[in-house]
Amino acid sequence: MRQTSLLKVFLFTLTLCLPSLESWAAVTEVTATVDKNPVMQDESFILQVTANDDVSADAFDPSVLLKDFVVGRTSTSRQTQIINFDTTRTTRWQTVLIPRETGRFTIPPFDIKGVTTDPVTVEVLPVSQSKSAQGQDIFISTEMSQEEVYLQQQVKYLVKLHIAVDLQRGSLSAPVVENAEIEQVGQDKEYSDIVNGKRYRIIERTFSILPQKSGTFTVQAPYFEGEMLDNSTRRSFGFFNRTRSVNRVGKNQFLTVKPIPDNYNFHWLPSELVDLHDEWQGDLNNLKVGEPITRTLTLNAVGVVEAQLPEINSQYPDTIKTYPDQAETATVQHNGTFVSQRKESVALIPNADGTVTLPEVSVPWFNTKTGKTQFATIPEKKITIGALAKTHSPAPALPQQNVPEPRQPSDLPTDAASLQIVESNAIWSISSWVLLALWLLTLLMWFISSRNKTVSIEKTPQSPIDEEPAAWKALAQAIKNKDEKNLTNYLQHWLAVLCGNPQQSLVHSVEQLQNKQLKEQITLYFNGKFGAQEGTKSLEPMMDAVKAVRKQYKQHPKTKGTKLSPLYPNA
């Protein structure tokens with residue numbers, strides 16, 4: 001009995017010690033293997049990494065393989081065995097890989113808890129013409145509209161997934177390009193076609209690529225992952241068919257992005273076609289002083305998105321007051337190509353009669369077909385403004401009244417009929433005077449109302465953002481937060497306020513201010529954002545430049561009716 005009790009105590013103590021003994025266990029061996037070698041260029045294979053211990057899933061990182069392979073999903077499994085109190089633990093990672101090119105590639109060693117695997121060499125063969133038909137049951141083809149484009153010029157990328165088998169499920173990724181914005185355009189198209197004597201169901205998908213940096217980049221083709229029915233094996237599990245995984249990848253391509261030409265000094269707008277026109281709401285041929293009319297300017301561009309469209313720089317003479325509305329922008333797609341639009345509406349109120357000239361409106365753009373700078377323009381217009389007609393309504397004629405002559409007391413009527421006639425004439429006289437008083441009161445109210453309306457139109461303040469303190473606050477906050485998305489708009493608006501023209505473009509404001517330091521910092525900023533060479537990465541010099549400009553503005557503020565002279569005439 002005593003020996004049995006001691007044995008139970010020993011086993012219990014040993015059980016308590018097992019976790020602490022396990023904590024001393026460590027990885028001592030890690031292996032890496034592939035399930036096939038050599039492999040075809042368009043087929044997948046599985047890389048398996050095994051460690052002889054219980055290891056966390058994130059200990060294995062397959063991202064180092066992205067240079068030579070398409071890396072699919074990674075699955076992690078763990079196994080524990082206890083035989084005669086001997087515990088064995090195993091962690092296994094399986095990753096699907098697809099080679100991008102033919103040749104010999106080396107899978108580098110992986111470090112798992114201080115223990116590394118041996119490198120694995122994989123030979124990738126080109127797809128053979130004599131390859132079995134099943135190997136071509138699914139494949140991907142890609143087409144790129146252009147291989148050489150300018151910065152921010154749209155590239156149409158067409159992907160076709162060819163399927164000749166029954167799929168249970170599947171997913172297709174987007175292409176991958178460094179320093180580019182990629183977006184699917186439109187809906188998928190599905191149709192059937194015969195390729196190399198074999199009928200395929202084709203799923204067609206279009207992507208838009210907008211490169212944001214110049215240079216040569218690799219367009220990594222989309223990756224397809226799915227499951228197809230395996231007709232090579234017999235059915236099992238009753239009515240269920242067995243499936244097998246299938247992975248395919250298209251062929252990589254190269255895209256060359258050219259920078260902004262050195263001789264281009266305007267807002268960068270690369271396009272195949274740009275159109276600018278205006279519309280008027282009101283009678284332009286019968287315009288009077290004080291009467292408002294609305295002008296809507298519309299800018300259309302092909303192959304760009306709405307964020308790339310510049311502000312429309314429209315100028316007006318001093319005899320016309322302007323009240324601009326907020327711009328409206330939109331982007332649509334037509335046959336896989338972006339078409340963007342910007343609308344700017346402004347209310348015009350002339351304050352003097354005569355003939356005035358509306359200056360030409362021009363928007364510069366870069367023609368990607370000809371490689372030259374062009375201008376979308378609206379020619380200048382001459383309009384005649386008539387004087388406000390002075391209309392005075394004549395006073396209505398008072399009704400004729402038969403006023404009786406004064407009578408002597410002896411002549412006064414004594415009968416009832418004569419008394420009624422006298423009372424009737426008295427009543428009609430009183431009502432006439434009342435009507436006259438009401439008519440005069442109406443004229444007075446109309447005069448006061450029209451005067452208040454005119455004053456309210458003339459004194460309508462502009463938007464608070466047009467004031468310099470608000471514009472400066474928005475710009476300073478954008479520089480402090482490194483808000484490059486809105487920095488250009490805030491900078492353009494603040495400089496335009498300093499120049500006294502809220503509609504003025506950034507280029508015209510910089511030229512008008514003639515500040516050398518500010519011009520240099522703006523040039524460095526845009527070179528770093530859009531140019532081929534590296535520009536400034538710090539915005540502190542930009543802040544110093546705009547602070548200096550504002551200090552000069554505070555010392556010599558612009559007053560109404562004067563033009564802003566250069567802040568630094570000697571710079």
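Is at least one residue of the range 281-288 among the aliphatic types (A, V, I, L, M) and outside any loop (DSSP other than H, G, I, E, B)?
There is at least one residue in the range 281-288 that is among the aliphatic types (A, V, I, L, M) and outside any loop (DSSP other than H, G, I, E, B).
Restricting the range 306-327 to residues that are farther than 23 Å from Phe266 by Cβ and of a type outside the set (S, T, N, Q) leaves a set whose member that is least open to solvent (accessible area, probe 1.4 Å) is Ile320. Do we have any residue at all in the range 485-493 that's modelled with pLDDT of 50 or more, surrounded by fewer than 10 Cβ atoms within 10 Å (Cβ to Cβ) and either under 30 Å from Tyr553 (Cβ atoms) or out of contact with any strand residue (DSSP E or B) (no Cβ under 8 Å at 6 or more places or on another chain) (or both)? Among the residues of the range 485-493, at least one is modelled with pLDDT of 50 or more, surrounded by fewer than 10 Cβ atoms within 10 Å (Cβ to Cβ) and either under 30 Å from Tyr553 (Cβ atoms) or out of contact with any strand residue (DSSP E or B) (no Cβ under 8 Å at 6 or more places or on another chain) (or both), which makes the answer yes.
Can you tell me how many residues in the range 494-521 are part of a helix (DSSP H, G or I) and either more than 23 Å from Ala327 (Cβ to Cβ) or at pLDDT below 80 (or both)? Don't jump to the end; show me each part of the working.
Pass one, the range 494-521, residues part of a helix (DSSP H, G or I): 494-498, 506-513, 516-521.
Narrowing the set further to residues that are either more than 23 Å from Ala327 (Cβ to Cβ) or at pLDDT below 80 (or both) leaves 506-508, 511, 513, 516-521.
The number of residues fulfilling the criteria is 11.
Within the set Gly290, Gly303, Gly336, the sole residue that is over 19 Å from Cys499 (Cβ atoms), in contact (Cβ under 8 Å) with a residue 24 or more places away in the chain, in contact with a Gly (Cβ under 9 Å, 6 or more places away or on another chain) and open to solvent by less than 50 Å² (accessible area, probe 1.4 Å) turns out to be Gly336.
Of all the residues in the range 59-92, those that are part of a strand (DSSP E or B) and under 38 Å from the mean Cα position of the chain (by Cα) number 7. Residues in the range 79-107 that are modelled with pLDDT of 85 or more and over 16 Å from Asn37 (Cβ atoms): Thr90, Thr91, Arg92, Trp93.
The set of residues in the range 71-101 that are surrounded by fewer than 16 Cβ atoms within 10 Å (Cβ to Cβ) and within 16 Å of Gln220 (Cβ to Cβ) contains only Glu101.
Checking the conditions here, which among Lys390, Lys369, Lys382 is assigned to a loop (DSSP other than H, G, I, E, B), modelled with pLDDT of 70 or more and exposed (fewer than 13 other Cβ atoms within 10 Å of the Cβ)? Break it down into steps so the answer makes sense when it comes.
Details: Lys390 fails: modelled with pLDDT of 70 or more; Lys382 fails: assigned to a loop (DSSP other than H, G, I, E, B).
Answer to the check: Lys369.
Step by step: first the residues of the range 207-242, then only those that are open to solvent by 30 Å² or more (accessible area, probe 1.4 Å) and of a type in the set (Val, Ile, Thr), then the one that is modelled with the lowest pLDDT. Which residue is that? Top of the filtered list is Thr233. The set of residues from the range 35-70 being of a type outside the set (Asp, Glu), within 15 Å of Pro108 (Cβ to Cβ) and open to solvent by 40 Å² or more (accessible area, probe 1.4 Å) comprises Ser63, Val64, Leu66, Lys67.
For the range 253-280, the set of residues classified as over 21 Å from Ser314 (Cβ atoms), part of a loop (DSSP other than H, G, I, E, B) and under 22 Å from the mean Cα position of the chain (by Cα) consists of Pro259, Ile260, Glu272, Leu273, listed by residue number. From the list Lys258, Lys251, the lone residue that is within 27 Å of Val302 (Cβ to Cβ) and not hydroxyl-bearing (Ser, Thr, Tyr) is Lys258.
The values are calculated or read from the model by the stated rules, or taken from the named source; none is laboratory data. The structure presented is a predicted model; accordingly, all values stated were derived computationally and were not measured. Glycine gets a Cβ as well: all are built from the backbone with ideal geometry, and neighbour counts include every protein chain shown. Keep in mind that these areas ignore ligands, DNA and RNA; they rest on the heavy atoms of the full protein, side chains included. Shrake-Rupley method; radii C 1.70, N 1.55, O 1.52, S 1.80 Å.
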